[in-house]
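K.L.:
The structure under discussion is supplied below as structure tokens; questions concerning it will follow.
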Amino acid sequence: MKAIAIIYATREGHTRRVAEHIAATLIAHGLSPELYDLGADPDPVTIHRFAGIVLAASVHFGRHEAEMVDFVKSHRAELEDMPCAFISVSNAKAAAERTGTTERQHAQFAAEVESTIARFFKETGWHPRWTMPVAGALVYTKYNVLVRFVMKQIAKRTGAGTDTSRDYVYTDWAGLDRFVEDFAAAMPVAAR
């Protein structure tokens, strides 16, 4: 059985949680995932040995992690020849999903999510078959003083949590499960 690679890039660690959740979902569907952190090893795998790949990257200030951009640029041709999914983890997605926002605010945040993903695809030249934006987290307890201040100001503007003594997770785990289940169903027989 060929494994499914889950390759992620994270700054504060929430995208690692997303990657681990994806792995658990794949295991529940009879697949064998292998996790790789691009922050620890910028080129960790030989891609062709996998049946499929899930890439997950966090977004900070409108840009995906540089490690993921570099990885995709380096392996674009290989990625295009196999089943691949891309997960974009951002607080803009959380803002787009938040209830209590006006239609205008919702449209603005949704456009920001789409623009960020489009920029990633344009920068890398890669267009996977499966793409999902995922709401991220505010991890105030892991931010330095400056980032905590900036993130609190952004949170005020978007209606997110502003108590900096705790973290806020906005990820729709059930929605992520449905996406991963669709991806798992499309895996070739070699992955089972």
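We did not get these values from a lab; they are worked out from the coordinates using the rules stated. The structure displayed is predicted, hence computed values, not measured ones. Ideal geometry is used to build each Cβ from the backbone, glycine not excepted, and the neighbour counts take in all protein chains shown.
K.L.:
If you scan region 120-147, which residues turn out to be in contact with a His (Cβ under 7 Å, 6 or more places away or on another chain) and surrounded by fewer than 18 Cβ atoms within 10 Å (Cβ to Cβ)?
P.N.:
F121 - this is the single residue of region 120-147 that is in contact with a His (Cβ under 7 Å, 6 or more places away or on another chain) and surrounded by fewer than 18 Cβ atoms within 10 Å (Cβ to Cβ).
K.L.:
Still on this structure: Does at least one position in region 115-124 carry a residue that is of a type in the set (S, T, N, Q) and within 25 Å of D177 (Cα to Cα)?
P.N.:
Scanning region 115-124 turns up at least one residue that is of a type in the set (S, T, N, Q) and within 25 Å of D177 (Cα to Cα).
K.L.:
Something else: Is it the case that D70 is charged (D, E, K, R), more than 16 Å from T15 (Cα to Cα) and in contact (Cβ under 8 Å) with a residue 24 or more places away in the chain?
P.N.:
yes
K.L.:
Can you work out which of the residues in region 32-88 that are part of a loop (DSSP other than H, G, I, E, B) and touching a Pro at 6+ places or on another chain (Cβ under 8 Å) is farthest from I154 (Cα to Cα)?
P.N.:
Step by step, filter region 32-88, then rank; the result is A51.
K.L.:
Then there is this: I need a count of the residues in region 116-142 that are outside any helix (DSSP H, G or I) and either without any contact (Cβ under 8 Å) to a residue 40 or more places away in the chain or not aliphatic (A, V, I, L, M) (or both).
P.N.:
Residues that pass the stated criteria total 9.
K.L.:
Additional query: Just name the residue that is nearest to N91 (Cα to Cα) out of those in region 32-77 that are buried (at least 18 other Cβ atoms within 10 Å of the Cβ) and of a type in the set (G, A, S).
P.N.:
For region 32-77, the residue satisfying everything is S58.
K.L.:
Also, quick follow-up: So, in region 16-31, how many residues would count as being part of a loop (DSSP other than H, G, I, E, B) and either surrounded by 20 or more Cβ atoms within 10 Å (Cβ to Cβ) or free of Cβ contacts under 8 Å to residues at least 60 places away in the same chain (or both)? Walk me through how you get there before you give the answer.
P.N.:
First, the residues of region 16-31 that are part of a loop (DSSP other than H, G, I, E, B): 29-31.
Checking which are either surrounded by 20 or more Cβ atoms within 10 Å (Cβ to Cβ) or free of Cβ contacts under 8 Å to residues at least 60 places away in the same chain (or both) leaves us with 31.
Summing the residues that are part of a loop (DSSP other than H, G, I, E, B) and either surrounded by 20 or more Cβ atoms within 10 Å (Cβ to Cβ) or free of Cβ contacts under 8 Å to residues at least 60 places away in the same chain (or both) in region 16-31 gives 1.
K.L.:
Collect the residues in region 167-190 that are surrounded by 13 or more Cβ atoms within 10 Å (Cβ to Cβ), of a type in the set (D, E) and in a helix (DSSP H, G or I), keeping them in residue-number order.
P.N.:
D177, E181
K.L.:
Could you identify the single residue in R148, R119 that is among the charged types (D, E, K, R), closer than 19 Å to E65 by Cα and within 15 Å of the chain's Cα centre (by Cα)?
P.N.:
Selected residue: R119, the only one of R148, R119 that is among the charged types (D, E, K, R), closer than 19 Å to E65 by Cα and within 15 Å of the chain's Cα centre (by Cα).
K.L.:
Would a scan of region 158-166 turn up a residue that is more than 24 Å from H106 (Cα to Cα) and surrounded by fewer than 16 Cβ atoms within 10 Å (Cβ to Cβ)?
P.N.:
For region 158-166, residues more than 24 Å from H106 (Cα to Cα) and surrounded by fewer than 16 Cβ atoms within 10 Å (Cβ to Cβ): present.
K.L.:
Being among the aliphatic types (A, V, I, L, M) and in contact (Cβ under 8 Å) with a residue 24 or more places away in the chain narrows it down to one of V150, V145, V113, so name that one.
P.N.:
V113 is the lone residue from the list that is among the aliphatic types (A, V, I, L, M) and in contact (Cβ under 8 Å) with a residue 24 or more places away in the chain.
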